[in-house]
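*Asks:* Below is the structure I would like to discuss, written out as structure tokens.
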Amino acid sequence: REDIERYKARIKTLLKEKNACLVAHYYTDPLIQELAEETGGCVADSLEMARFGSERPETTLVVAGVRFMGETAKILSPEKRILMPTLEATCSLDIGCPIDDFSAFCDAHPDYEVVVYANTSAAVKARADWVVTSSIALQVVEHLADEGKKIIWAPDKHLGAYVQKQTGIDMLMWDGACIVHEEFKAKGIQDLKRVYPDAAVLVHPESPDSVVEIADAVGSTSQLIKAARDLPNRELIVATDRGIFYKMQQAAPDKMFIEAPTGGSGATCRSCAHCPWMAMNGLDNIVQALEEGRDEVFVDEALRVRARKPLQRMLDFSA
Ligand code: 13P
Ligand code: SF4
């Protein structure tokens, strides 16, 4: 705990010295989320992280999350220095959607509107007409379908299937998945429901359809935090990264949160959903990023200009 306090004090000093602001995702270590709050930064979902970063007066943003979040910040705020605790923190959705293959897929369907999830590289965003996050995917797809557009959806097939089912709109889909949410199993959650029969089940839509089907609330991280507060149930089974419990406990301090099991079922299941890339963010590498200017995000300018368009569309649409 002494080390932690030392790191926190050092980061607070460095943030002031470097005119920097800390922006953290809900899946990062609670210590980072706490520090972002204490220093006037923000803890948010991917949509709000993008908006918040671009509206800040500071000249440097430290983005604690995964690489696409740092790239998004740079695309929207090219004049700012964007630092990350580590540039190694990627995402299985980003890895599973390489630009050359994706571009060829889009070229093969020229009459389709291309909608990509924010969890993608700057190059994939630059190839898209729209970027969406899970908070706004349903509304954007409905809007495009109202305009009579045919839609390519990439890269998350589970989120895509959820959007398709909710809206009744058919989309041409890329075959990608989140390695964290894909591990949730309906059987394990149903077994847990026998132990906690009054519990509500909260599910992020990057989870498989069988898990989404048994949910009482489905939504982005910020939507799930609201559901945790608003649902009448005292017990909540949560199928998303466990970093979210920090904010859920703040939002509903008198409720009990139970991690949805990943893998097997019943007594043999594991219950420790945590993104390995989000876990790479720590107080120690935030200090290094600020002290050494290490792990700065750069995006090629021509690519940035193209990637900005679909991102800005999303921000304007959701304003
Ligand atoms: P949201 O915070 O937009 O729900 O996204 C979750 C996610 O996968 C971040 O990695
Ligand atoms: Fe990517 Fe899944 Fe990790 Fe989010 S939780 S960053 S979608 S691998």
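*Asks:* About the Cα centre of segment 181-268, what is the dipole size in debye to 20, counting +1 per Lys and Arg Cβ and -1 per Asp and Glu Cβ, all else neutral?
*Replies:* Using only the charged Cβ atoms, the result is roughly 240 debye.
*Asks:* Let me ask something else. Which number gives the lysine pairs in segment 181-268 that have C-alpha atoms under 22 Å apart and are eight or more places apart or on different chains?
*Replies:* Close lysine pairs under the 22 Å cut-off: 6.
*Asks:* Turning to a different aspect of this structure: What nm value, rounded to one decimal, do you get for the distance between D230 and K16 when each label is placed 7 Å out toward the C-beta?
*Replies:* 3.9 nm
*Asks:* Which of the listed residues, A50, A252, L202, is farthest toward the dipole's positive end in the chain, when Lys, Arg count +1 and Asp, Glu count -1 at the beta-carbon?
*Replies:* Looking along the dipole axis, the top candidate is A252.
*Asks:* Let me ask something else about it. At 7 Å along Cα-to-Cβ for each site, give me the label-to-label distance between E38 and V305 in nm.
*Replies:* Label at E38, label at V305, 4.4 nm between them.
*Asks:* Could I ask something else about it? How many angstrom lie between the Cα centre of segment 216-252 and the Cα centre of segment 100-172?
*Replies:* 27 Å
*Asks:* With a cap of 12 neighbouring Cβ atoms within 10 Å, and only residues DSSP puts in a loop, list the GluC sites (Glu not before Pro) found in segment 32-99.
*Replies:* Sites meeting the loop and neighbour criteria: E79, E88.
*Asks:* Based on DSSP H runs of at least 4 residues, each adding -39500 (n - 2.57), what is the mean residue ellipticity at 222 nm of the chain after dividing by all its residues, to the nearest 500 deg cm²/dmol?
*Replies:* Here the helix-only value at 222 nm equals -13000 deg cm²/dmol.
*Asks:* In a GNM of the chain with a 10 Å cut-off on Cα contacts, which of M256, M84, M69 has the highest mean-square fluctuation?
*Replies:* Maximum among the listed residues: M256.
*Asks:* What is the sum of charges around W277, taking Lys and Arg as +1, Asp and Glu as -1, for the other residues whose C-beta is under 12 Å from the C-beta of W277?
*Replies:* Net of charged neighbours comes to -2.
*Asks:* Quickly rank 238-248, 6-16, 218-228 as a protection proxy: mean count of other C-beta atoms within 10 Å, highest first.
*Replies:* 238-248, 218-228, 6-16
*Asks:* How much length would be gained if the chain were fully extended between Q312 and R6, taking 0.36 nm per residue of separation minus their Cα-Cα distance, in nm to one decimal?
*Replies:* Here the answer is 106.3 nm.
Values in this text are rule-based calculations from the coordinates and carry no lab data. Just so we're clear, the structure is a prediction, and the values are computed from it rather than from any experiment. Note: ideal-geometry Cβ built from the backbone for every residue, glycine included; neighbour counts use all protein chains shown.
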